[in-house]
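A short reminder: the numbers here are calculations on the coordinates, not readings from a lab. Just so it is clear, the structure is predicted and the values come from calculations on it, not from any experiment. Here the Cβ is made from the backbone with ideal geometry for all residues, glycine too, and neighbour counts use every protein chain on show.
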Amino acid sequence: MTGGLNTIKLTIGEAIAAANGLDTPIDTNAKVVPLIVAGRMLLPLRFVTESLGATVGYNQATKTIATTYPAY
């Protein structure tokens, strides 16, 4: 995946991803890995979003997640 000048490569079932060519843990919890469930790829949102230069916010009141990407 590429966003702006950032590139990430994730592998299904692996806790380490390549972010801009560097091996990077996806999360402090090694159980957080990309998965395929019912034919759909599920990716760790925070890692993907932040690695591509964006931010993630969570609204507790509405239980919603918002991602904000900078203008390129």
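Summary of computed values
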{"read-out": "Karplus-derived HN-Hα couplings along region 3-18 (A = 6.51, B = -1.76, C = 1.60, θ = phi - 60°), whole Hz, x at Gly and Pro", "value": "x, x, 9, 9, 9, 10, 10, 10, 10, 3, x, 9, 8, 10, 10, 9"}
{"read-out": "Calculated FRET value between residue 15 and residue 63, using beta carbons and R₀ = 30 Å, to 0.05", "value": "0.65"}
{"read-out": "³J(HN,Hα), Karplus 6.51/-1.76/1.60, whole Hz, each residue of region 47-55, x for Gly, Pro", "value": "4, 4, 4, 5, 5, 8, x, 10, 10"}
{"read-out": "Three semi-axes of the equivalent ellipsoid, the chain, Cα gyration tensor, whole Å, largest first", "value": "20, 18, 11"}
{"read-out": "Cα→Cβ-extended label distance, 7 Å offset, between residue 55 and residue 38, nm", "value": "3.3"}
